[in-house]
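Trainee: Before I ask anything, here is the structure I am working with.
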Amino acid sequence: ETMVDIDSRSKSSQPHWYERHVQPCVAELLGSALFIFIGCLSVVEDAEGTGRLQPALAHGLALGLAIAVLGDI
């Protein structure tokens with residue numbers, strides 16, 4: 001038997017309970033915290049003349065970052 005045959009039989013088809021239950025919850029928590037934290041920080045020190053652009057860009061970039069980092073989970 002080759003090494004590939006042994007490796008394919010040893011792995012189960014079901015993902016581990018951590019990957020099914022805990023990992024998505026942690027990813028949701030981190031993504032939401034990042035989105036809210038960056039969004040709130042963008043409004044704390046409002047520079048003159050930015051108006052609604054600064055919070056909108058901050059929320060958009062935070063959402064893009066959260067999707068890029070946690071999207072696979």
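Trainee: When only C-alpha pairs under 8 Å and at least 6 residues apart count, what is the relative contact order of the stretch 16-71, in percent?
Mentor: On the way: 23 pairs, mean separation 23.4, N = 56.
After rounding, I find 42 percent.
Trainee: Among H59, H16, what's the order by accessible area (1.4 angstrom probe), most exposed first?
Mentor: Values: H59 65, H16 105 Å².
Reading off the accessible areas and sorting them downward yields H16, H59.
Trainee: Between I67 and E45, how high is the FRET efficiency from 1/(1 + (r/R0)^6) when r is the Cβ-Cβ distance and R₀ = 25 Å? Nearest 0.05. Write out the running numbers ahead of the final one.
Mentor: On the way: r = 26 Å, r/R0 = 1.03.
The pair I67/E45 has a calculated efficiency of 0.45.
Trainee: Run the accessible area of the stretch 16-71 with a 1.4 Å probe and give the carbon-and-sulfur part as a rounded percent. Intermediate results must be reported in sequence, preceding the final value.
Mentor: Working: 3070 of 4320 Å².
With neighbouring chains kept in place, the figure for the stretch 16-71 is 71 percent.
Trainee: Q54 to Y18: FRET efficiency via 1/(1 + (r/R0)^6), r the Cβ-Cβ distance, R0 35 Å, to the nearest 0.05?
Mentor: 0.35
The values are calculated or read from the model by the stated rules, or taken from the named source; none is laboratory data. If you're wondering where the values come from, they're calculated on a predicted model, not measured in any experiment. Methodologically, a virtual Cβ is constructed for each residue, glycine included, from the backbone with ideal geometry; neighbour enumeration extends over all protein chains shown. Keep in mind that these areas ignore ligands, DNA and RNA; they rest on the heavy atoms of the full protein, side chains included. Shrake-Rupley method; radii C 1.70, N 1.55, O 1.52, S 1.80 Å.
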